[in-house]
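Since the structure comes first, as structure tokens, the remarks are kept for the end.
Bear in mind these aren't lab numbers, they're just calculated from the coordinates by the rules spelled out. Owing to the predicted nature of the structure, the values given are computational and were not obtained by experimental measurement. All Cβ positions, glycine included, derive from the backbone under ideal geometry; neighbour counts span all protein chains shown.
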Amino acid sequence: MQKRPVWIVILFTLITLGIYGLYWLIKTKGDLCKAGADIPTSWLLIIPIANLYYIYKWSMGVAKVLRKNDSFGYIVFLFWIVFSLIAIAISQNEINKFTGRRK
């Protein structure tokens, strides 16, 4: 998984009006799947209601790969629903910590 500065991810997401956030979501999905997460195809992001399922599976995949309990996955999912920038910041920060521990 790739370490990225959290503030850069947030800044790019704001500057591009969310497009970088989608790109980040898809890129981290690939990393998470390589690490053992079970996340469906990213095409689900463009389908209403199915995108909620995708975000749920992505959040649970983050919890699984980072060896967190399911409640962490639920919290990330709820932040995606309410305010995605917080979910991005929390997830990328945890990914950075996890990647730093593995090396």
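For the range 45-52, state whether one or more residues are surrounded by 16 or more Cβ atoms within 10 Å (Cβ to Cβ) and assigned to a loop (DSSP other than H, G, I, E, B). No, the range 45-52 has no match at all. On the stretch given as the range 66-101, residues that are part of a helix (DSSP H, G or I), of a type outside the set (Gly, Ala, Ser) and more than 18 Å from Val6 (Cβ to Cβ) total 6.
In the range 6-25, the qualifying residues are those that are free of Cβ contacts under 8 Å to residues at least 40 places away in the same chain and either loosely packed, with under 15 Cβ neighbours inside 10 Å or among the basic types (Lys, Arg) (or both), and the one that is nearest to Ser59 (Cα to Cα) is Tyr23. The condition of being of a type outside the set (Ser, Thr, Tyr), touching a residue at least 12 places away in the same chain (Cβ under 8 Å) and not in a loop (DSSP other than H, G, I, E, B) holds for Leu32.
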